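Here is the structure we will look at, set down as structure tokens.
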Amino acid sequence: MHTQHVTRAAALAVCLATLLALIGPATAQQPAASADASAPLALHPDNPHYFLFRGRPTVLITSAEHYGAVLNLDFDYTRYLDTLAADGLNLTRTFTGVYCEPPGAFNIEGNTLAPQRDRFITPWARTDDGKRWDLTKWNDAYFARLRDFMTQASKRGVVVELNLFCPFYKDDMYRLSPQNPANNTQGVGPRNREQVYTLDKHAGLLAVHEALVRKIVAELAGFDNLYYEVCNEPYFGGVTMDWQRRIADVITDAEKALPHRHLISMNIANGRAKVSDPHPAVSIFNFHYTSPPDAVDMNYALNKVIGENETGFKGTADTHYRMEAWQFLLNGGGLYNNLDYSFTAGHEDGTFRYHDKQPGCGSPAFRKQIGTLAKFIGGFDVVKMRPTRGFVKDPPKGLAAYALAEAGRQYAVYLFGDRPEILTLDLPAGQYRVTWTDPVTGVKTDGGTLGVTDAGTGRASMKTPEYKGEAAFAIERID
């Protein structure tokens, strides 16, 4: 069996070499909506913890579908993108089609990553009988759909995180994949799903991976609303760091002759971890289920964007995920994506009502709440701000306080927990305007002015209004 794989791999490598010769920036069809001279999404030069997008400082904030917008032919992504834009959200995350899930996976009802078999579209062409894929032939219909998805997102100001690869969590997932040797005409790929994304045990797939990355980079070269994530949750399923770094190198090399470079993301861990020896081309370090937001603290010194691009497994109620979003972003995170299960094929307006065992939340009401957060942060000159955990001095037990600050000028604060009568703040002398925001309703309340005449001790007192459970406020210097 090993000899057969080597022979097949060698034959496939010859075919792929021919394909690679045909792939280049000139072959990509650039959409009119995005083929201008503007640079793509970048780290902000004045504060690389945030983005620069279309000339403006940007924080990416969303509550988005479960990554099947392109690969699931039954999903109307135009209607979906209209919904995100209407809610004031500016990010979506999608998978490329090298991975899908069977119905019922992870107890998800209406899973967009679980299309019907004949409605699963991938980058590779199917054989005439539709039973297998030819890994040396591109599926033109897939790339047309991918480009149109990017175009529609661009028109609405929505940035796309294109996740290139994903490990196979269970054998039934690998059985659905074109990378399974039983499913491709070349018969390449390891029998063991945990050997797919390695440099030495891939049984011929590494050349397939590299060819796919180069093809996608060529097809999407002209889009400014894009960044690439190497692999979803690579800490599962045997994905090696050497392989991840190789894919980042391939993206970098494929864009070398292009006018612009796109940002690259790596998914680091569930919860928290300290990044060590980061790849020099990686600018975004994404985490899942990051509450409390310690991952930001641990990696802030990297001077790159720290993101949370998946939430879940804390029930189906809104409160936890709303709190998670506010705390993560007001702790210095630059990207937040709630995994929103109310988007399904047939409910692209995000109105699907899932069962109470769903591993997360999402609804029109919740997206409006996340839109409130987006508006709140959008009201600040955020690139001048840094996380300041000591701004609320000695918060009482039962109260968590997170703040972004440009010391002496502007402060964004989120409170979660028991309401104190008086807050003690680290404010220099001056006159300030206070505005309160209800994170649930979005209602703003004028908090009047706050005069600090003697803050030599680093303490100023402010009375809080009535609120239940959580509140946010802005302080802006006015003298």
For the range 422-435, which residues satisfy the criterion of being touching a Lys or Arg at 6+ places or on another chain (Cβ under 9 Å) and either part of a strand (DSSP E or B) or closer than 30 Å to A365 by Cβ (or both)? I422, L423, T424, L425, G430, Q431, Y432, R433, T435
Quick check on my filter: what residues within the range 436-479 are part of a strand (DSSP E or B) and without any contact (Cβ under 8 Å) to a residue 40 or more places away in the chain? W436, K444, T445, D446, G447, G448, T449, L450, G451, V452, A460, S461
Considering only the range 207-219, I want to know if a residue exists there that is assigned by TED's automatic domain parsing to the domain that holds S265 and assigned to a loop (DSSP other than H, G, I, E, B). no
If only one of L52, L89, L84 is assigned to a strand (DSSP E or B) and either free of Cβ contacts under 8 Å to residues at least 12 places away in the same chain or farther than 28 Å from P178 by Cβ (or both), which one is it? L52
If I go through the range 343-385 residue by residue, how many of them are surrounded by 15 or more Cβ atoms within 10 Å (Cβ to Cβ) and either in contact with a Cys (Cβ under 6 Å, 6 or more places away or on another chain) or among the basic types (K, R) (or both)? 3
For the range 121-152, name all the residues that are of a type in the set (V, I, T) and either more than 29 Å from the chain's Cα centre (by Cα) or outside the structural domain of G222 (by TED's automatic domain parsing) (or both). T127, T136
Failed item, numbered, when D479 is tested on (1) touching a Ser or Thr at 6+ places or on another chain (Cβ under 9 Å); (2) over 28 Å from G55 (Cβ atoms): (1)
Check whether at least one residue in the range 55-75 is over 26 Å from C361 (Cα atoms), touching a Pro at 6+ places or on another chain (Cβ under 8 Å) and at pLDDT 95 or above, and report yes or no. no
Would you confirm, using the coordinates I've provided, whether I306 is touching a Phe, Trp or Tyr at 6+ places or on another chain (Cβ under 9 Å), assigned to a strand (DSSP E or B), in contact (Cβ under 8 Å) with a residue 60 or more places away in the chain and farther than 26 Å from I108 by Cα? yes
What's the total number of residues in the range 416-442 that are closer than 26 Å to Q369 by Cβ, out of contact with any helix residue (DSSP H, G or I) (no Cβ under 9 Å at 6 or more places or on another chain) and either crowded, with 16+ Cβ neighbours inside 10 Å or not acidic (D, E) (or both)? 9
All positions within the range 313-342 that are among the charged types (D, E, K, R), crowded, with 17+ Cβ neighbours inside 10 Å and assigned to a loop (DSSP other than H, G, I, E, B): D340
Anything in the range 79-103 that is within 23 Å of C166 (Cβ to Cβ), touching a Gly at 6+ places or on another chain (Cβ under 8 Å) and of a type in the set (S, T, Y)? List them, or say none. Y80, T94
In contact with a strand residue (DSSP E or B) (Cβ under 6 Å, 6 or more places away or on another chain) and either under 30 Å from F285 (Cβ atoms) or assigned by TED's automatic domain parsing to the domain that holds V230 (or both): is that true of R117 in this structure? no
Enumeration of residues in the range 238-281 that are touching a Cys at 6+ places or on another chain (Cβ under 8 Å) and either surrounded by fewer than 15 Cβ atoms within 10 Å (Cβ to Cβ) or part of a loop (DSSP other than H, G, I, E, B) (or both): V239
Just give me the residues in the range 160-206 being over 25 Å from A64 (Cα atoms), of a type in the set (D, E) and not in a loop (DSSP other than H, G, I, E, B), in sequence order. D171, D172, E194
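The values are calculated or read from the model by the stated rules, or taken from the named source; none is laboratory data. Only a predicted model underlies this, so the values are computations on that prediction, with no experimental measurement involved. So basically every Cβ, Gly included, is an ideal-geometry build from the backbone, and we count neighbours across all protein chains shown.
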